[in-house]
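The values are calculated or read from the model by the stated rules, or taken from the named source; none is laboratory data. It should be emphasised that the depicted structure is a prediction, and the values quoted were computed from it without experimental measurement. Backbone-built Cβ (ideal geometry, glycine too); neighbour counts: all protein chains shown.
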Number of protein chains: 2
Amino acid sequence: MTRIRRKFWGWGTEDQIVPEGEATAVLAAAARRFGVDDLSGVPPPTEAEFALPAPRVRVPASLAHLVRDDIHERLVHAYGKSFADSVRMFARDVPHPPDLVAYPESPDDVARLLEWAGGARVAVVPFGGGSSVVGGVEPDVGPAYAGTVSLDLARLDRIRAVDTMSRAALMEGGLFGPALEAGLKPHGLTLRHFPQSFEFSTLGGWIATRSGGHFATRHTHIDDFVEALEVVTPAGRIETRRLPGSGAGPSPDRLFIGSEGALGIITAAWMRLQAAPRFRAAQAVRFRDFHAGAEAVRLILQAGLDPANCRLIDAEEARTAGAGDGTNALLVLAFESGHLDQAGRLAQALDLCRAAGGTWETVAGAEAHRAGAQGAWREAFIRAPYHREVLVPRGVIVDTFETAITWDRFAEFHADVTARVSRAIVEATGRPGGVTCRFTHAYPDGPAPYFTFQALGDRARVLDQWRQIKAAASDAVIAGGGTITHHHAVGRDHDPWYRVQRPSLVGAALSAAKAALDPVGILNPGVIADPPTGPVGTRGAMAAGPAPRV
Amino acid sequence: MTRIRRKFWGWGTEDQIVPEGEATAVLAAAARRFGVDDLSGVPPPTEAEFALPAPRVRVPASLAHLVRDDIHERLVHAYGKSFADSVRMFARDVPHPPDLVAYPESPDDVARLLEWAGGARVAVVPFGGGSSVVGGVEPDVGPAYAGTVSLDLARLDRIRAVDTMSRAALMEGGLFGPALEAGLKPHGLTLRHFPQSFEFSTLGGWIATRSGGHFATRHTHIDDFVEALEVVTPAGRIETRRLPGSGAGPSPDRLFIGSEGALGIITAAWMRLQAAPRFRAAQAVRFRDFHAGAEAVRLILQAGLDPANCRLIDAEEARTAGAGDGTNALLVLAFESGHLDQAGRLAQALDLCRAAGGTWETVAGAEAHRAGAQGAWREAFIRAPYHREVLVPRGVIVDTFETAITWDRFAEFHADVTARVSRAIVEATGRPGGVTCRFTHAYPDGPAPYFTFQALGDRARVLDQWRQIKAAASDAVIAGGGTITHHHAVGRDHDPWYRVQRPSLVGAALSAAKAALDPVGILNPGVIADPPTGPVGTRGAMAAGPAPRV
């Protein structure tokens, strides 16, 4: 099969360039926002513009057929897809490409590659789809290693078994979203895990990063869908039991869920599935402001209604997406089920929205979620990752950060984070920018706010400007009691703040567990747990950023 | 406040003796079941019948006010409440009483006690309500320790803070069920965690053992209700953040949930709460056999209906409880909500029951769950732990074990476990006994079957007979792919099978984590994780039991 190659410098594949008309509109909007006449850019980089150092390490002949070291592969695996990654690619700045890219074809191959890497003291950075926005896949591991290999799981892409009675399937870690769903469809089953990166991310990556998916409530993370795991570590293999529930000690699966490649390579997982939805009920509801909408979300969650979608978007963000005139917050509410009519649940949720001051116009039909304000927002959501290639070369900073906080602290937290990031934008760029917020997920005890910030930087120093804003945002989140990430993961970029958030003894326990599984410390050094030699001190894009001030 | 003392030799407090009429009925039923004329027993033990060795260790004067060493305290803390514990108490056999019983009054006290114990090489066995049925609180730690202290958390019993907006409360680990609910009630909130041991177990104990609670589906274990933890370890304190959700690394809370006192002492927890239920809908449904009922449960769970109660009881177990004539399996189905009418959900579930061949007669009113067959079963459930004091001294073996298994394997698993345990009963006792099954909890991907076995042993060697049956049951569960425990925990009794179930590298990782938190290895040695000195080799009541044959 010939696949169209992924862009090494942006989102999607090489044929997925943002059409000129769309690019013009995106740029015009940015120019209007920042009150400038035009935004001139630089063209995307080409491979010929990079002179990568020769690989420092080689695999033995028996593994050579699994490994590539051409420039395209090394560039694709040099970064994830964060704002900082994009800036550095447009700056033709790739100081830490992997020496090699390995494509194991079986768990045995993974074990052999880890054995070689341990002996050769080569750092192994697992790579699923490479959609990390937090420096999770960047082979920036410090000087303690003889070299780096990016371990791409893409060839571990089989569905090994489907159990239609229990609704579960054993699937390999390198399966991409679309292939996974296509493989399940003939069985009438679906995982329904649709992160924004769905097309370009993998099952193993979702599990390793506690990916946040389709469902806005209840089963928000991939965590709850994991029935059992197959993991290859430098110390050996792990297979947990397929169990619907267990009380036998701390959950073995939970040790690896969120371990970001630092404890082992997730080669396969039994995942809990469901029937494709046949019943849907959706409605967009307007609120006079974000906090009135938040109150509705709280009431809906605490009533136990569990909407599949419950995305609250503030007025400005709705306007930017073409889903409102900027005067109202918008709540996109949807219920779905493979078995039960959902009209009653939607009606109950709307009663609670009314109590919180919500108003709405009915859009009829099952396709309501693709129509009107919801539809406009959805389209903007899907296109956003592509627009970075239009904006970054012009010095426009558009980035997001996300967290979670309990309801009692939310209003103050939201005000403080917004104020601090707005201030940081002015301090960093000399002009005001924008900070908007939505809820991507919500819980009975609090929401998961997702902030977007926009600023106009100077192309020559936009990375430092971004770092200053990102650090202020991270400081504010941690100082306010939030989590440094709700579903984007920790990676290298969030590491300094993760270490403040995480009790130090939990860090010590995780590093001790790592030493048992990865005695040489080759697995994704610098992420989540320290190798036996101690912290490696790399922080990816944030290396030059300020330390947290909390 | 003067509390009535707990029985050291049975369930409940010293005033809660099974009334003579009830005892006579229980014995008559047992005599009928085993075809014997009468069952003669021995009286319960008294303190005067025990000559415990003098405590081997003493605390420094600064801690003396926290410590007791009288015989009643040492006997209460010598065992949990398992069948084997009861047999050994009636045999006046207490080889491993704690040297001391400590009642810390604050997390600081806990830290000071751990500091002393570490220096003195005294094993610390945490004790909540002492309702363990798996040897979790038995201070049987082998010869490597200078002594043992049972750390009773009962004086850490405050509700420190209630957040009504987020519906959460910070509560101390030693709170017993009734006091916890009584403290929340004025706030209109409830934890609604009602294990069978509710009256005699604590919040910290529930979290340390992954207790299974009120809800038969969805949030079956205490795990999901934990918002944040406060833990005291020998290496220092841990406080995790209050977060509704997080994707920042492996969950810190999940490391301690189910750690059974081996990694730290849970001194307090922020727990997610809910409104008291105002809407209920319940119905008991009959099925021609257990497997038809199981099919209904599978359909209900996979449809996403989430009944609060979904207890399927096989025909013989229903008959024993006075909830049927032994010809039909019984499904006790109940929905509840603090906010939403549940009649529609019950109707949807009953449609699925009908499809699986279920039939029912309507019992009207909100109290339906206390009436009819459900009511009879519920009463039997509550009284069961008390009946042990009537049956054990007569050599009657009544015990339970519980597990979970995916639907695809359930029918074969159920048949195999039942056959192997039935055979073991005959081999151990020379006569047939009974093995029955119910589902206590259920999931979309499988049920949690809970087996009860009954046998008539010889008083002189009933402990060995029980061990033989229990080992056969555990072997069958593990060989069939189940978990050694769904919600009773591991303790010392399940340890040999837990080590087969758990991937060995996960064990190595947990023991490494323990070494970071408990460097001397004083915390509950022999449970869940090995101390730095290696396995301590104690297995509580199962010490003489056969090794697993898988």
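Structure summary
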item: Residue in the range A:460-492 that is farthest from the other protein chains (Cβ to nearest Cβ), counting only those that are touching an Asp or Glu at 6+ places or on another chain (Cβ under 9 Å) and among the charged types (D, E, K, R); result: A:Lys470
item: Residue in the range A:32-41 that is at pLDDT below 95 and touching a strand residue (DSSP E or B) at 6+ places or on another chain (Cβ under 6 Å) present; result: yes
item: Filter result for A:Leu346 (at pLDDT 95 or above, within 14 Å of chain B (Cβ to nearest Cβ) and either under 30 Å from A:Trp466 (Cβ atoms) or over 23 Å from the mean Cα position of the chain (by Cα) (or both)); result: yes
item: Residue that is farthest from A:His339 (Cα to Cα) [pool: residues in the range B:445-457 that are surrounded by fewer than 23 Cβ atoms within 10 Å (Cβ to Cβ) and out of contact with any Gly (no Cβ under 6 Å at 6 or more places or on another chain)]; result: B:Thr452
item: Residue that is more than 27 Å from A:Arg383 (Cα to Cα), surrounded by fewer than 17 Cβ atoms within 10 Å (Cβ to Cβ) and among the small types (Gly, Ala, Ser), where the choices are A:Gly322, A:Gly344, A:Gly358; result: A:Gly344
item: Condition met for B:Ser150 (in contact (Cβ under 8 Å) with a residue 12 or more places away in the chain, buried (at least 18 other Cβ atoms within 10 Å of the Cβ), among the polar types (S, T, N, Q) and under 14 Å from B:Pro104 (Cβ atoms)); result: yes
item: Among residues of the range A:414-432, those that are in contact (Cβ under 8 Å) with a residue 60 or more places away in the chain and surrounded by fewer than 23 Cβ atoms within 10 Å (Cβ to Cβ), counted; result: 3
item: Scan of the range A:426-442 for residues that are within 14 Å of chain B (Cβ to nearest Cβ) and either in a helix (DSSP H, G or I) or small (Gly, Ala, Ser) (or both), ordered by number; result: A:Ala442
item: Odd one out for B:Phe453, checked against (1) part of a helix (DSSP H, G or I); (2) more than 7 Å from chain A (Cβ to nearest Cβ); result: (1)
item: Residue within the range A:239-253 that is more than 27 Å from B:Ala404 (Cα to Cα) and either part of a loop (DSSP other than H, G, I, E, B) or under 19 Å from the mean Cα position of the chain (by Cα) (or both) present; result: no
item: Extreme residue, farthest from the chain's Cα centre (by Cα), among residues of the range A:279-303 that are surrounded by 21 or more Cβ atoms within 10 Å (Cβ to Cβ) and of a type in the set (Phe, Trp, Tyr); result: A:Phe287
item: Pick from the range B:299-338, criterion in a helix (DSSP H, G or I) and among the polar types (S, T, N, Q), ranking: nearest to the other protein chains (Cβ to nearest Cβ); result: B:Gln302
item: When residues of the range B:397-409 are limited to those that are part of a helix (DSSP H, G or I) and either small (Gly, Ala, Ser) or in contact with a strand residue (DSSP E or B) (Cβ under 6 Å, 6 or more places away or on another chain) (or both), the one surrounded by the fewest Cβ atoms within 10 Å (Cβ to Cβ); result: B:Asp408
item: Hits in the range B:254-277 (condition: in a helix (DSSP H, G or I) and buried (at least 24 other Cβ atoms within 10 Å of the Cβ)); result: B:Leu255, B:Phe256
item: Pick from the range B:53-63, criterion closer than 24 Å to B:Ala144 by Cα and out of contact with any helix residue (DSSP H, G or I) (no Cβ under 7 Å at 6 or more places or on another chain), ranking: surrounded by the fewest Cβ atoms within 10 Å (Cβ to Cβ); result: B:Ala54
item: Out of A:Val42, A:Val26, sole residue that is of a type outside the set (Ser, Thr, Tyr), in a loop (DSSP other than H, G, I, E, B) and in contact (Cβ under 8 Å) with a residue 12 or more places away in the chain; result: A:Val42
item: Tally, over the range B:499-545, of residues that are more than 11 Å from chain A (Cβ to nearest Cβ), at pLDDT 95 or above and either under 30 Å from B:Gly481 (Cβ atoms) or outside any loop (DSSP other than H, G, I, E, B) (or both); result: 3
